[in-house]
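First the structure, in the form of structure tokens, and then the observations on it.
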Amino acid sequence: MLKYIIRRLFMLIPVLIGVSILTFSLIHLIPGDPARSMLGEKATEAQLESLREELGLNDPYIVQYGRFLGNIVQGDLGESIQSKENIAEQLLYKLPATVELTIFAMILAIIVGVLAGVIAAVKQYSWFDNISMTGALFGVSLPIFWLGLMMIWLFSVVFNILPPSGRLTSGMELTTITNFYLLDSLLTGNWAAFKDAFSHLLMPGLALGTIPMAIIARMTRSSMLEVMRQDYIRTANAKGLRTRFVVFQHALKNAFLPVLTVIGLQFGLLLGGAVLTETIFSWPGIGRYVYLAVLGRDYPVVQSTILIVATIFVLVNLITDILYKYFDPRIRFD
Amino acid sequence: MHTESPILQVENLHTHFITKAGIVKAVDGVDFDIKPGETLGIVGESGSGKSMTAMSIMGLIPSPPGKIVEGEIRFKGENLLTKTKKQMRNIRGKEISMVFQDPMTSLNPVFTIEKQLIETILAHESFSKNQARSRALELLHLVGIPDPKKRLKNYPHEFSGGMRQRVMIAIALACNPSVLIADEPTTALDVTIQAQILELFKKMQNELNMAIIMITHDLGVVAEVCDRVMVMYAGKPVEYTETNHLFDQGKHPYTLGLMNSIPTINKQKKKLEAIDGVPPDLRSLPKGCSFAPRCKHVMEACLHIDPTLTEVNDHHFVRCLLYEETNSEKVVSP
Ligand SMILES: Nc1ncnc2c1ncn2[C@@H]1O[C@H](COP(=O)(O)OP(=O)(O)OP(=O)(O)O)[C@@H](O)[C@H]1O
Ligand code: SF4
Ligand SMILES: [Mg+2]
């Protein structure tokens, strides 16, 4: 097992090199002069030349790539062209914001989705099954944008019980350690900040989690229906075990494998796709960061963010593969 | 030999499945009893209701669509059909346990053998986990699995078919049941392994004085292990007697057909499909004798009158108009 993990971690190296080449090429794939596309039509030749010099665009590609890679390895992601801020520092704050939101949304989606799927399968054709699966069908096709706005209108404007934007109420004290606010507030024993951060997470988390929740619910249901027909479930019942035990242990552990695949995929998608949610709820994460960078042609920011997100994507895949082994001992790693 | 009173009595059992296409009378008036230490065989073609008889006893008829509509199942004198769900759960796997046909699919692939043994023990006995563990070890030893200590930690896919069936038997024996139902326990195994498993059943029966209901396609198995035998056709018992009687003086045309379909020269086994014609559609049984469309001795009366199970000799019952004494008088009524 450990050997497998180490081998997989080594296999990450070529993948990441590939990703780095892709992100590096990004700047050169855009037709025309990169310096001009960054500075716009009105830039003077002198300005362009100084930017080229600054970014090293005059050097041969291979030298540029070497430098790019060397900097990354040292944790130096360069500066934003627009704001001149250090990108690594920015990401250190923005990445946890997005990851925290994504994990929160996924946990919400998994708990509700799996539970609904299991109950719908066990009570096939019941009113619960009908309602939850119609809801799931609806949930997959719901526009997040609309859902987000409706939630803000309902919970922030009408009932005024949830904050409409941001990660923390301004003025709320929180000592940050990891920049994951829930974690930090727990680590520092700051209960007020925890509640505040949690209430800020609820709406964007739900908005972001709706689609995966619906997909997970449907997947769990069909997988459970398949498993409940198996001989070993009949055996488990014949042993005189409690129904709940049979369903949640014997059946669910078998039914979970295809659900796990969906969860892994959705997690990656959410990380990349949080742009909309972050925009609606003014969430200071990388989604909005990269969105603004793309608009402003801030290539160093775009490159770095893509590289980081791709790395996380690959890591999530690795974790999913390792979890497979937990859920199905028949899977061989060698 | 078996002078004690019966441990299990099934009386006039009717189990029906209510489907869109009509009512399937899977079990349609089954009567039998069995004493401690005795082995009763149930034979019949595919679909004759053998498994559903067993599942009715276990209280595991899937409902809907299945329902026990009539009859009594008395275990130690008490009617199981009036028991609550919880009471039945306490009987299943403890007092009455079951071994299924396909050992490849009847064990849960994602749990170790140890877990699957222990959960049964813990469900019924007030054992500590450690006590259950040593009981599990003892059971594997009992059913003849080599190196049991190491094998406990293995998953089902790490066992051969014969070894898995031994594990299934170990699970069934975990709480020293008084009745063991074996539903075609050797059908999926190759011939030499079959003999070993049958041997194991006999040995366990001698040690524990269990009553065994042996469901099988195979008259060879009946000859090998059964004291008495019930032949089923279309949900009804058609012949019910001691094993020797069946082979010496079997009477029902269906039974005789079954016996002719066993090859006698070599001991090769053969399924019982060799009788001409197909089993009837249980949703719309013919008026009169269900076997009439396939019977060599069919008479005019057989098309109108459904024969009743009649004692033709001491403890030898046959359901056939050829052996009903009152036959001639009944023919008058249409
Ligand atoms: N869930 C169900 N819905 C409808 N009919 C059913 C259902 N389960 C079983 N039956 C019917 O009950 C009848 C008896 O089935 P059963 O499994 O007892 O046969 P069997 O004698 O065990 O056959 P085999 O040798 O193939 O195991 C079959 O005709 C089958 O179609
Ligand atoms: S009753 Fe008639 S049809 Fe039925 S088995 Fe006897 S002889 Fe054959
Ligand atoms: Mg069967």
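For the reader, a short list of remarks on this structure follows.
- Shielding score for B:88-97, defined as the mean number of other chain Cβ atoms within 10 Å: 3
- Using all pairs of distinct alpha-carbon atoms, the Kirkwood hydrodynamic radius of the protein assembly as shown works out to 30.5 angstrom.
- Backbone phi angles across region A:226-234, fed through the Karplus curve with coefficients 6.51, -1.76 and 1.60 (θ = phi - 60°), yield HN-Hα couplings of 5, 5, 4, 8, 6, 4, 5, 6, 4 Hz in residue order; Gly and Pro are listed as x.
- Counted over chain B with a bin width of 20 Å, the fraction of Cα pairs per bin, in whole percents, is 30, 57, 13, 1.
- Rounded to the nearest 10 degrees, the inclination of helix A:299-327 to the longest alpha-carbon principal axis of chain A is 20 degrees.
- Contact order normalised by residue count of chain A, Cα under 8 Å, 6+ apart, percent: 26
- Under 14 Å, Cβ to Cβ, from residue A:15 - net charge with Lys/Arg +1 and Asp/Glu -1: +1
- For region A:242-334, diffusion coefficient by Stokes-Einstein and Kirkwood Rh (Cα), 10 °C, 1.306 mPa s, µm²/s: 101
- Across peptide B:101-112, the average count of Cβ atoms from other chains found within 10 Å of a residue's Cβ is 5.
- Surrounding net charge for residue B:31, when Lys and Arg each add one and Asp and Glu each subtract one, Cβ distance under 13 Å: -3
- Here the 3J(HN,Hα) profile of region B:35-50, calculated from phi with Karplus coefficients 6.51, -1.76 and 1.60 at θ = phi - 60°, is 9, x, x, 9, 10, 10, x, 10, 10, x, 5, 4, x, 7, x, 5 Hz, Gly and Pro shown as x.
- Kirkwood-Stokes translational diffusion coefficient of region B:1-58, alpha-carbon pairs, 25 °C, 0.890 mPa s, µm²/s: 192
- Equivalent ellipsoid of chain A: semi-axes from √(5λ) of the C-alpha gyration tensor, largest first, are 42, 26, 18 Å.
- Where labels lie 7 Å past Cα in the beta-carbon direction, separation of residue A:294 and residue A:22 in nm: 1.4
- Across chain B, Cα pairs under 8 Å and at least six residues apart give a relative contact order of 20 percent.
- Which of B:119, A:41 has the fewest Cβ neighbours within 10 Å, and the rest in rising order: A:41, B:119
- Inter-centroid distance (Cα atoms) of region A:278-316 relative to region A:95-150, Å: 25
- Taken over the Cα atoms of region A:2-73, the convex hull encloses 91 Å³ per residue.
- Our summary of shape: the Cα atoms of region B:33-92 have principal axis extents of 33, 33, 19 Å, ordered from largest down, in whole angstrom.
- Residues of region A:129-153 with amide N under 19 Å of a point placed 7 Å along Cα→Cβ from residue A:202: A:147-153
- Loop-resident sites, region B:1-77, for trypsin sites (Lys or Arg not before Pro), counting at most 16 other Cβ within 10 Å (DSSP): B:20, B:76
- Footprinting exposure proxy for B:303, B:309, A:208, B:80 (fewest neighbouring C-beta atoms within 10 Å first): B:303, B:309, B:80, A:208
- Amide H to amide H, with H built 1.01 Å from N, residue B:28 comes under 5 Å of B:15, B:236, counting only residues 5 or more places away or on other chains.
- Most mobile of B:43, B:222, B:110 in a GNM of chain B (Cα contacts under 10 Å): B:110
- Cβ-defined net charge surrounding residue A:57, 13 Å radius [Lys, Arg +1; Asp, Glu -1]: -2
- Nonlocal amide H pairs with residue A:162, under 5 Å, H built at 1.01 Å: A:156
- Karplus-derived 3J(HN,Hα) values for region A:13-25, using 6.51 cos²θ - 1.76 cosθ + 1.60 with θ = phi - 60°, are 4, x, 4, 5, 4, x, 4, 5, 4, 4, 5, 5, 5 Hz; glycine and proline are entered as x.
- Amide H contacts under 5 Å for residue B:70, placed H, 5+ residues apart: B:14
- Per the Debye calculation on region B:1-114 with a single equal scatterer at every Cα and no solvent contribution, log₁₀ I(q)/I(0) for q = 0.17, 0.21, 0.24 Å⁻¹ amounts to -0.96, -1.31, -1.49.
The numbers here are math on the coordinates, done by the rules we state, and not lab data. Predicted, not measured: the structure shown is a model, and the values here were computed from it. Glycine also receives a Cβ, built like all others from the backbone with ideal geometry; neighbour counts cover every protein chain displayed.
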